[in-house]
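Participant: Before I ask anything, here is the structure I am working with.
The values are calculated or read from the model by the stated rules, or taken from the named source; none is laboratory data. From a predicted model like this one, the values you see are computed outputs, not experimental measurements. Every residue, glycine among them, receives a Cβ derived from its backbone with ideal geometry; neighbour counts consider all protein chains shown. Protein only, heavy atoms only, side chains kept; ligands, DNA and RNA dropped before computing areas. Shrake-Rupley method; radii C 1.70, N 1.55, O 1.52, S 1.80 Å.
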4 protein chains.
Amino acid sequence: MVDGKLSVAVVGLGRAGHVHLRSLVSLSTKARIAWVVDLNAETAARVAAVHECKATTDIDDALADADLDAVIICSATYTHFDFTMRALNARKAVFTEKPISHDPAELEEVLDVAMRSNLVFCTGYQRRCDKNFRALKQQLDSGAIGSVRLIKCTSRDNPEPPIEYLKVSGGIFHDMLCHDFDMLHFLTGEFPETVYSVGHCYNPQIEAMGDCDTVVVTLKYASGLLATVDTSRVACYGYDQRIEVLGELGMAQANNEHESTVTVATARGYVGAKSAFSFPERYMHTYLTEIAEFVEQVKARRPDPEAVTRRHVILEKVTTAAELSWRLKREVRIADVDELRDKVPVSTLHGPVKTKVPLAA
Amino acid sequence: MVDGKLSVAVVGLGRAGHVHLRSLVSLSTKARIAWVVDLNAETAARVAAVHECKATTDIDDALADADLDAVIICSATYTHFDFTMRALNARKAVFTEKPISHDPAELEEVLDVAMRSNLVFCTGYQRRCDKNFRALKQQLDSGAIGSVRLIKCTSRDNPEPPIEYLKVSGGIFHDMLCHDFDMLHFLTGEFPETVYSVGHCYNPQIEAMGDCDTVVVTLKYASGLLATVDTSRVACYGYDQRIEVLGELGMAQANNEHESTVTVATARGYVGAKSAFSFPERYMHTYLTEIAEFVEQVKARRPDPEAVTRRHVILEKVTTAAELSWRLKREVRIADVDELRDKVPVSTLHGPVKTKVPLAA
Amino acid sequence: MVDGKLSVAVVGLGRAGHVHLRSLVSLSTKARIAWVVDLNAETAARVAAVHECKATTDIDDALADADLDAVIICSATYTHFDFTMRALNARKAVFTEKPISHDPAELEEVLDVAMRSNLVFCTGYQRRCDKNFRALKQQLDSGAIGSVRLIKCTSRDNPEPPIEYLKVSGGIFHDMLCHDFDMLHFLTGEFPETVYSVGHCYNPQIEAMGDCDTVVVTLKYASGLLATVDTSRVACYGYDQRIEVLGELGMAQANNEHESTVTVATARGYVGAKSAFSFPERYMHTYLTEIAEFVEQVKARRPDPEAVTRRHVILEKVTTAAELSWRLKREVRIADVDELRDKVPVSTLHGPVKTKVPLAA
Amino acid sequence: MVDGKLSVAVVGLGRAGHVHLRSLVSLSTKARIAWVVDLNAETAARVAAVHECKATTDIDDALADADLDAVIICSATYTHFDFTMRALNARKAVFTEKPISHDPAELEEVLDVAMRSNLVFCTGYQRRCDKNFRALKQQLDSGAIGSVRLIKCTSRDNPEPPIEYLKVSGGIFHDMLCHDFDMLHFLTGEFPETVYSVGHCYNPQIEAMGDCDTVVVTLKYASGLLATVDTSRVACYGYDQRIEVLGELGMAQANNEHESTVTVATARGYVGAKSAFSFPERYMHTYLTEIAEFVEQVKARRPDPEAVTRRHVILEKVTTAAELSWRLKREVRIADVDELRDKVPVSTLHGPVKTKVPLAA
């Protein structure tokens, strides 16, 4: 820290990188953009000029800066593991976009290093920062609806992502549903015992990839808790992210944000504003909050014990179990995932992790 | 009462008459339709055949029936006073559509007779039976929002009534706003000290009658309470009847009923169902409730002290004051109405009260 | 028909019987209560006195009445099959409460007789008459949201029924979920191929019966359609009956009815009225509508082809499949139900069908 | 402009000053905080250290900086006129908090200078930047509800401001209602012909100042348009800012923002989140928008013709007319304000304008 301001490197200058840069600008009384890193030297130089910071194509240049406190990794998915390990080994606090890795062994390795290092380590499950889902959790924690019996997550994307993205997305289970499984854990602290998935594919291009675009997953927990997640790659009426919780004493619901509070009543009915169009509209505030909280933790040198637990390992298994259930057309026990994984092909991102390849996420 | 069932005459077989007949059918374990009365003998005979009761064109025939317990008067407005007096003098319980009369002296006379007679006497201010406004009053009475500081009534009709009706309606103040002034009294028990009205007329046919179709009235009360009523002869998005109350500790609102609870979300927004189209849709249950409660009161021989008070006299003055304010373009004190009434022409129904003239309301 | 009014017998004078009697009173210009039938002679006589009709303890007395047009069967569940067959064989139109029978062979027999007889035959799946679900279906049929991809039914009872009722209810699948499976058919016209159920039991008394009180069912259809139903024997915040449909072009939702439209805003938030407390509050209008439509069909001698199809047979299989899935902890194909039924014990009402046993439902 | 970034001075480092500083931080790729000005040298120095800019107690120091492009004036109300004139005369673009002045002659003078100067000149009527009111205006402009007939503004503050603030607030008409009169103009482009106000005071401390805390104003326009504004110094259920517009073809409503989208249903009803607590929660985004738009205008050297019209002069008359109506207990014509102003005492801020007095607003 120089002058009480955190010194930060942003690695990967794609869409996510620019979102995080904007957050850092808002936090400029607390943090300073010291480095921007991108495989494309021209991009790195251009962005560095705007933010008056240093540019490089090699993350190690930034990591070698003794004044650097923290790294925000938002480069391509397959680089997350490698860059995270390098940064942790260089004793820098790390914020990395999800997923850290799809390989359970790599996940375990990163978490072991992070835990031993006592460094702040955060992952971009940014829905945990959503003000509505936090308000929902607060209601559950306060006992407003008693013990929780049933949770229904609705998580429908809009607009349908481009085919190029979908090809490297890791599939609907690892790209979308993992967020909902993480949210179920956020709300309850529990992990499921079994999952059952059904799916259908309306878009022939997605079907051709061996993926599907509409999924319902049912989860059963040891406590008796039941949960469902329904997801769709497209919800043409707007991004749709809702959660409903039934408890012994009542029901709590977190509903969508809408573009405005304006309603127009005419002879055709009462028309309310669309829900937020897409994830940037709905979740923009969460991207600021996650970086603001990361900055606070690093400044306070106080890693969040919740962040560095093994939940990433277990939630990866849940996600893979959900995909296996869909492929096998049967209920799958989380305990059986490791064994099944070797027998049944599941989605991967295909491609080894290399340094100095495209960084933009 | 014969066999424990109330014996009832329905006077005037227009729209209101048929609504009350339908209510009596639903109440057939408690009340019996004994007579139907209408100037048109054919109409009376036809309706009597359906309901298996006696028919006449002369209300006195029904009143002469010693077994008759109660009379429901829903004939033309200008007959209300005369028929009510005859029925009360014949010792029958009376339910009469509003207004009893526009003449303050007649109003006083009816109320004196009703009070002295100890007969059940009810008037068709049916909004007092609306389940939503009763739920609102219950909240106010329970102290949920503390002492009341401001009330805003919205009362917009739909569809615009036919010109023939408007010509004999008595004008927007006596036809529509009197219901809202009654509702303000129902909710608070208070009468205003001053009123101020502004209005505009969009329909040239209504303007030609010397009436207007869009009005805002502001009322000031001795307690400090302020109230507004806004009204329109047309609200093309559906019948609109809402009340909002601001209190020391909060706000209570009674909103519209809608045709269904269905919402459709598309790329154009969230579309909710229309509000109930017109007064029959919104208030049908109140017409049943008012007759059910009238039947109960008559069976229990328990006149409602609230119903036969002088509120009708005072509310007539408030209504006339509101019209005078609009015409005079200034605030009018209720205390000045009787004096002004002689100097400024106000709306009347034009025409003396006669018996045996058209009965259908 | 006498004097153009339908002559109707009501069989079974329990809660359902009184609801149907009330409906018939409201329809008294179109139908006449001719007979009431109940095993308890005193009950039958008392009710007959109120409605000025004939009483008997033996349904055959009523069926022998040549003037009788129609029979409404709302006696105990195990009598439905027998009474329906007698009435159809006596050439009377039949309205019977559900279920007709839990025995597939009996179901087939009744439907064959009904179809051949050309008599009006209706069953009490009264949610099909709910104005909100009809409005929802109208939206789907109009194409407002395009082709349907996902349906989510929420169907939570309140208050928890008494243990005595639950013991003879046939279990949560046959007592509650069959209504939702019927609703899914009502909305889409499709039947599912597979079902998967998870359940939990919070009430130990219900668990002791081998039943559960909280269930989530997932259904897969040949068209690609996915559906979920979540149900609970108790929803302490009020009866909860909602449906959400995701289509290619949007989403449609039918929400709950509330006790009033009043909202109270205080420092603790905005408090809206409770949803309707229990099924009578929510569905009372449907009980009137189903009888009104039955009366119209009988008067017009126009059986509803939809009512007498084999859907009852298929939906019984879907319901049994859902129960089997819960017991077997795996996905069950509808096509496998008949085979499984012989191997796995499922819920029954235990007890042969006898005539002249308690009639009240 | 240096390096394409606007050079800005912030004058007055109270609450408003800090809000504007925060906005400028977010806009740091477009604008640079060059000077902070406050009478309190220590405050100025401390804030300058955080933002790495120059500090002074004398606005003229900043105005003498040839590189300075724009001034944001958020010092005490009585300094607005003087500082605005100095800045305009120094050829700087000006954003000033409202009111510019309560003196009609001063208002005219500022506007004349601003119009002749061709400099960007903006005032802090920040509600014009509210996304909901802009969405409402967009609906009106699109013709969604046809020609406008009635507008109802609800504008209730929360929590009640401290007495010290109220003493120098200029009274409820000039402090609160002027915003609503400006909003009515924003939505319609029209100015009223007459106003009528009623008010009551519940807080004895406010009454002792000769002010009131609860007001209803009715406005009449030449076009026939009617409008009401109801306002209260306190709305304990949360800040309440709503607008409802009735048009020929429908109704449009802009409702409150709530703290979250979470609803909790229990046996006591459905509880939705509170509305935003106070004006910073509701309007924070508008403070960013107004500065962002000011920065864009200055960079583009494109004064908004709407901003520098004489609307400030007319709206000051409307506001004064509303206060006069309340004091005189009668309708007041806007055309009569200047004459009445000399005869009837109205609220002022008491105190001559001096330079180098406390700057914090």
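Participant: So for the stretch C:64-82 (the condition being touching a helix residue (DSSP H, G or I) at 6+ places or on another chain (Cβ under 6 Å), in a helix (DSSP H, G or I) and among the aromatic types (Phe, Trp, Tyr)), does at least one residue qualify?
Facilitator: Looking through the stretch C:64-82, at least one residue is touching a helix residue (DSSP H, G or I) at 6+ places or on another chain (Cβ under 6 Å), in a helix (DSSP H, G or I) and among the aromatic types (Phe, Trp, Tyr).
Participant: Another question, if that's okay. Given the criteria within 14 Å of chain B (Cβ to nearest Cβ), closer than 17 Å to C:Phe279 by Cβ and of a type in the set (D, E, K, R), does C:Asp157 qualify?
Facilitator: no
Participant: What number of residues in the stretch D:9-19 are open to solvent by 30 Å² or more (accessible area, probe 1.4 Å) and in a loop (DSSP other than H, G, I, E, B)? Steps first, answer last, please.
Facilitator: Step one: filter the stretch D:9-19 for residues open to solvent by 30 Å² or more (accessible area, probe 1.4 Å), giving D:15, D:18.
Still in the running and in a loop (DSSP other than H, G, I, E, B): none.
Residues that pass the stated criteria total 0.
Participant: Out of all the residues in the stretch A:20-49, which are of a type in the set (A, V, I, L, M) and surrounded by fewer than 19 Cβ atoms within 10 Å (Cβ to Cβ)?
Facilitator: If the condition is that a residue be of a type in the set (A, V, I, L, M) and surrounded by fewer than 19 Cβ atoms within 10 Å (Cβ to Cβ), then A:Val25, A:Ala41, A:Ala45, A:Ala49 are the ones that fit.
Participant: Let me ask something else. Which of the residues belonging to the stretch C:212-223 are touching a Cys at 6+ places or on another chain (Cβ under 8 Å) and facing another protein chain (nearest Cβ under 8 Å)?
Facilitator: If the condition is that a residue be touching a Cys at 6+ places or on another chain (Cβ under 8 Å) and facing another protein chain (nearest Cβ under 8 Å), then C:Thr214 is the only one that fits.
Participant: Within the stretch D:130-150, track down each residue that is at the interface with another protein chain (Cβ under 8 Å from one of its Cβ atoms) and in contact with a Leu (Cβ under 6 Å, 6 or more places away or on another chain).
Facilitator: Scanning the stretch D:130-150 gives D:Ile145, D:Arg149, D:Leu150.
Participant: Looking only at the stretch A:143-165, count how many residues are among the β-branched types (Val, Ile, Thr) and in a loop (DSSP other than H, G, I, E, B).
Facilitator: 1
Participant: Taking the condition small (Gly, Ala, Ser) and out of contact with any helix residue (DSSP H, G or I) (no Cβ under 8 Å at 6 or more places or on another chain), does A:Ala44 pass?
Facilitator: Taking the combined requirement at face value, the residue satisfies it.
A quick yes/no check of all residues on (1) modelled with pLDDT of 95 or more; (2) at the interface with another protein chain (Cβ under 7 Å from one of its Cβ atoms); (3) over 26 Å from C:Val215 (Cα atoms):
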site: A:Gly210; (1), (2), (3): no, no, yes
site: A:Thr231; (1), (2), (3): yes, no, no
site: A:Leu246; (1), (2), (3): yes, yes, no
site: A:Leu249; (1), (2), (3): yes, yes, no
site: A:Asn255; (1), (2), (3): yes, yes, no
site: A:Arg282; (1), (2), (3): no, no, yes
site: A:Thr286; (1), (2), (3): yes, no, yes
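Participant: Restricting to the stretch D:110-130, give me the number of residues that are closer than 23 Å to D:Phe181 by Cα, open to solvent by 30 Å² or more (accessible area, probe 1.4 Å) and outside any helix (DSSP H, G or I).
Facilitator: Selection size over the stretch D:110-130: 1.
Participant: Identify, by number, the condition in (1) of a type outside the set (Lys, Arg); (2) in contact with a strand residue (DSSP E or B) (Cβ under 7 Å, 6 or more places away or on another chain); (3) more than 26 Å from C:Leu21 (Cβ to Cβ) that B:Leu107 doesn't meet.
Facilitator: (2)
Participant: Anything in the stretch D:63-98 that is open to solvent by 20 Å² or more (accessible area, probe 1.4 Å) and either touching a Cys at 6+ places or on another chain (Cβ under 7 Å) or aromatic (Phe, Trp, Tyr) (or both)? List them, or say none.
Facilitator: D:Tyr78, D:Phe81, D:Glu97
Participant: Another one. Name, by its number, the condition in (1) of a type in the set (Val, Ile, Thr); (2) part of a helix (DSSP H, G or I); (3) in contact (Cβ under 8 Å) with a residue 24 or more places away in the chain that does not hold for B:Ile100.
Facilitator: Among (1) of a type in the set (Val, Ile, Thr); (2) part of a helix (DSSP H, G or I); (3) in contact (Cβ under 8 Å) with a residue 24 or more places away in the chain, the lone unmet condition for B:Ile100 is (2).
Participant: I'm checking my understanding of the structure. Among residues of the stretch A:20-46 that are within 14 Å of chain D (Cβ to nearest Cβ) and in a helix (DSSP H, G or I), which one is farthest from A:Ala292 (Cα to Cα)?
Facilitator: For the stretch A:20-46, the residue satisfying everything is A:Arg46.
Participant: Restricting the search to the stretch B:315-335, which residues are more than 14 Å from every other protein chain (Cβ to nearest Cβ), open to solvent by 10 Å² or more (accessible area, probe 1.4 Å) and more than 15 Å from the chain's Cα centre (by Cα)?
Facilitator: Result: B:Lys317, B:Ile334, B:Ala335.
Participant: Oh, and also: Are there any pairs with C-beta distances below 9 angstrom linking a residue in the stretch B:76-94 that is hydroxyl-bearing (Ser, Thr, Tyr) to a residue that is open to solvent by 10 Å² or more (accessible area, probe 1.4 Å) and assigned to a helix (DSSP H, G or I), with the two at least 6 apart or on different chains, and if so which?
Facilitator: So the pair list comes out as B:Thr84/B:Val113.
Participant: Same structure, new question: Would you call D:Glu160 modelled with pLDDT under 95 and open to solvent by 10 Å² or more (accessible area, probe 1.4 Å)?
Facilitator: yes
Participant: So, in the stretch A:190-208, exactly how many residues are open to solvent by 60 Å² or more (accessible area, probe 1.4 Å) and among the hydrophobic types (A, V, I, L, M, F, W, C)?
Facilitator: The total comes to 2.
Participant: Find the residue count for the stretch A:260-280, including only residues that are touching a Phe, Trp or Tyr at 6+ places or on another chain (Cβ under 7 Å), within 7 Å of chain D (Cβ to nearest Cβ) and polar (S, T, N, Q).
Facilitator: Selection size over the stretch A:260-280: 2.
Participant: Please verify whether the stretch A:289-300 includes one or more residues that are more than 17 Å from A:Asp103 (Cβ to Cβ) and at pLDDT below 90.
Facilitator: The answer is no, given that none of the residues of the stretch A:289-300 is more than 17 Å from A:Asp103 (Cβ to Cβ) and at pLDDT below 90.
Participant: Which of (1) in a helix (DSSP H, G or I); (2) assigned by TED's automatic domain parsing to the domain that holds A:Ser23 is the odd one out, the single condition A:Gln138 does not satisfy?
Facilitator: Failing condition for A:Gln138: (2).
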